[in-house]
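> Handing you this structure, nothing more for now.
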Amino acid sequence: EQKKPENDDTSLYQIFERINTSGRSLTPQEIRNCVYQGTFNSLLFELNKNEIWRNLFGTVDLDSRMRDIEYILRFFVMKTDDILTSSANKISLKKSLNTFMGNHKNDATKVLEEFRDEFLHTIQLVNRSIGKNAFKNFTQNGFSKKFHPAIFDAIMVSLFLIDKRGYDVCTISEKKHQELLTNEQFKCAVSKQTTNIKNIKKRIQLTGEILFGVDINEE
């Protein structure tokens, strides 16, 4: 039991992490599942079973190591003002995910409903406007088969912000999608220093501009 600091399970997470040395090491999200049990954690499990999300993630089978759940958590974290308006150079992604889960550990039903609607509505927009290859990279051999976390961040947060500001979300052609994925600035922002705040903002901004013709930074 962690008594100090109160209402903060970061020390408990570190204890789990430090003794996590024998047998099969737990992934960060598996540790969060132990430390941050509550209503928000249950919501993540529920959202992870959504059919559209499973299709865009690339498999109907749930990841036994909870990496797919961690990506859903990333969406909620990446769209916060802590990221989008931060003046910091970079974030500790692990710490940011831990803090968010700790802060929302036992959220009320109304708050959970808002989170549920945000994720489900955004994932539906992605599916409708871009389709099954939305979160995959593009190479000279075509779309890869592998889910790309930084591309997921960029598209999900960009679409969330565009929809929130009242813009119509249109269907994107494959050519336009490829234009984004082959843009040199975008390629750099999703492949190098991906937790650098400047690169996070850059890939979200480029997604809005190239795919939807919307300047994310324009109020």
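The values are calculated or read from the model by the stated rules, or taken from the named source; none is laboratory data. Everything quoted here is computed from the prediction, not taken from an experiment. Quick reminder, even Gly has a Cβ in these numbers, built from the backbone with ideal geometry, and neighbours come from all protein chains shown. Quick note on the areas: whole protein, heavy atoms, side chains included, nothing else; ligands and nucleic acids left out. Shrake-Rupley method; radii C 1.70, N 1.55, O 1.52, S 1.80 Å.
> Yes or no: the stretch 90-111 includes at least one residue that is part of a helix (DSSP H, G or I), more than 27 Å from ILE210 (Cα to Cα) and touching a His at 6+ places or on another chain (Cβ under 8 Å). Write out each step before concluding.
Restricting attention to the stretch 90-111, the residues satisfying the condition of being part of a helix (DSSP H, G or I) are 93-103, 109-111.
Next, from what is left, pick out any that are more than 27 Å from ILE210 (Cα to Cα): 94-103, 109-111.
Cutting the leftovers down to touching a His at 6+ places or on another chain (Cβ under 8 Å) gives us 111.
Looking through the stretch 90-111, at least one residue is part of a helix (DSSP H, G or I), more than 27 Å from ILE210 (Cα to Cα) and touching a His at 6+ places or on another chain (Cβ under 8 Å).
> Scan the stretch 128-148 residue by residue and report those that are open to solvent by 30 Å² or more (accessible area, probe 1.4 Å) and under 19 Å from ILE69 (Cβ atoms).
LYS146, HIS148
> Go through the stretch 40-51 and count every residue that is open to solvent by 10 Å² or more (accessible area, probe 1.4 Å) and free of Cβ contacts under 8 Å to residues at least 60 places away in the same chain.
Start the filter on the stretch 40-51 by keeping residues that are open to solvent by 10 Å² or more (accessible area, probe 1.4 Å), which leaves 42, 45-46, 49-51.
Retained after the next criterion (residues that are free of Cβ contacts under 8 Å to residues at least 60 places away in the same chain): 42, 45, 49, 51.
Qualifying residue count for the region: 4.
> Evaluate the stretch 152-169: report whether one residue or more is over 15 Å from the mean Cα position of the chain (by Cα) and hydroxyl-bearing (Ser, Thr, Tyr).
Yes, that holds for at least one residue.
> Identify, please: which residue in the stretch 52-68 is hydrophobic (A, V, I, L, M, F, W, C) and assigned to a loop (DSSP other than H, G, I, E, B) and is, among those, most open to solvent (accessible area, probe 1.4 Å)?
VAL60
> When you check ILE155 against the structure, is it buried (at least 18 other Cβ atoms within 10 Å of the Cβ), of a type outside the set (Phe, Trp, Tyr) and in a helix (DSSP H, G or I), yes or no?
Criteria met by ILE155.
> Here are the criteria: (1) loosely packed, with under 15 Cβ neighbours inside 10 Å; (2) touching a strand residue (DSSP E or B) at 6+ places or on another chain (Cβ under 9 Å). Tell me which single one GLN37 does not satisfy.
(2)
> Restricting to the stretch 112-150, give me the number of residues that are free of Cβ contacts under 8 Å to residues at least 40 places away in the same chain and either under 17 Å from the mean Cα position of the chain (by Cα) or in a helix (DSSP H, G or I) (or both).
Total satisfying the criteria: 3.
> Could you check the stretch 191-214 and list, in sequence order, the residues that are open to solvent by 60 Å² or more (accessible area, probe 1.4 Å), part of a loop (DSSP other than H, G, I, E, B) and not basic (Lys, Arg)?
Within the stretch 191-214, GLN193, GLY213 qualify.
> Pairs needed: first member in the stretch 69-92, without any contact (Cβ under 8 Å) to a residue 60 or more places away in the chain and open to solvent by 10 Å² or more (accessible area, probe 1.4 Å); second member anywhere, among the hydroxyl-bearing types (Ser, Thr, Tyr) and in a helix (DSSP H, G or I); C-beta distance under 9 Å; at least 6 residues apart or different chains.
THR80/SER96; ASP82/SER96; ASP82/THR99
> Identify all residues within the stretch 158-190 that are within 19 Å of ILE83 (Cβ to Cβ) and open to solvent by less than 50 Å² (accessible area, probe 1.4 Å); write none if there are none.
Answer for the stretch 158-190, where residues must be within 19 Å of ILE83 (Cβ to Cβ) and open to solvent by less than 50 Å² (accessible area, probe 1.4 Å): SER158, LEU159, PHE160, LEU161, ILE162, PHE186, ALA189, VAL190.
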